[in-house]
Structures are given as structure tokens and as C-alpha cells.
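This report refers to the structure that appears directly beneath it.
Values in this text are rule-based calculations from the coordinates and carry no lab data. Here the structure is a predicted model, which is why all the values come from computation and not from measurement. No Cβ is skipped: glycine too gets one built from the backbone with ideal geometry, and neighbour counts run over all protein chains shown.
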């Protein structure tokens, strides 16, 4: 069993990633790569329009987009040009690892800092408004201050 696994992973003409050698894996991997590539582009466009005022979230979406383009594009190229199966497996493993690192390790500290910055700005704005309009009469214009129209 281990010998068969090693022979499957080692580069040879029998291990080319094509529909003849890998009947059960070739089309699902190829179709999934194509669909996920299209989904990543669509999701990026939707999220950019939605989050245009939040730079760290836009940067996260951009990193995810380019990682998806590279990983899923490589999988499609490997399927078209019949790369060895070991390169397909390594591409999937490294791609998943990169997605996990981007989403759960690289950006959460930046997003947390940005959330603190927004909370600080919101609190400052509320205290300014509370002190500015503490007296109800400060919001009403007096008759003397109004100009008469001619």
C-alpha cells in the first residue's frame, strides 16, 4: 500500500494528471478550480463595493483574490498541461495553507486594530456631540441671529 502511494506521487509518465490516469480526481479538481476561480472574482467585486470605506478589509479581500487566482489558475494549468500528480497535491496543500494563514493569522491583528481605531473615533465623536449639545437651547437659533429676507 505504501509502495503504491509512493509510486503514485513520484514523477513518471504514468503519474501525469490527466483523465486517463486519474479518472475519479481529474474532472472534479478541474471543475472545482474553475468554479472557485470565478467565485473568487465575483466575491471580490461584491466585497469591494460593500467595504470600500474600510481599507484593512479591502486589503484582505485583495490578498484572498490573488491567492485564489494563483492557486486555482495553477490547478487549471496543471490539468491542461498534464503535470505530475504530486504538483497538483502540493499546489492544493500550499494553497489551503496560504488561505488559512491569510484569513486567520495575518489579517486578524490588523482588523482588530482598525476596529479599535473606529471605536475610538466613534467615542470621540459622541463625547463631542454630547458636550456641544448639552444644553438644549444651544440647538435653537435665536430670533436675533436670524436674518430677515427682503
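Structure values in brief
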item: Fully extended contour minus Cα-Cα distance, from residue 96 to residue 53, at 0.36 nm per residue; result: 12.6 nm
item: GNM flexibility winner over the chain from 131, 98, 87 (Cα, springs under 10 Å); result: 131
item: Segment 4-42-segment 61-115 distance, computed between alpha-carbon centres (Å); result: 16
item: 222 nm mean residue ellipticity, helices alone, for the chain (DSSP H n ≥ 4; -39,500 (n - 2.57); rounded to 500); result: -24000 deg cm²/dmol
item: Residue 10 versus residue 81: modelled label distance in nm, points set 7 Å from Cα along the beta carbon direction; result: 2.5
item: Answer label, with Cα extents along the principal axes in Å calculated from the coordinates and candidates (i) 44, 35, 24; (ii) 94, 37, 17; (iii) 41, 33, 29; result: (ii)
item: Relative contact order %, segment 23-125, counting alpha carbon pairs below 8 Å whose residues are six or more apart; result: 30
item: Degrees between helix 55-80 axis and first principal axis of the chain (Cα, 0 to 90, nearest 10); result: 20
item: Nearest 10 degrees, 0 to 90: helix 85-101 Cα axis against the chain principal axis; result: 20
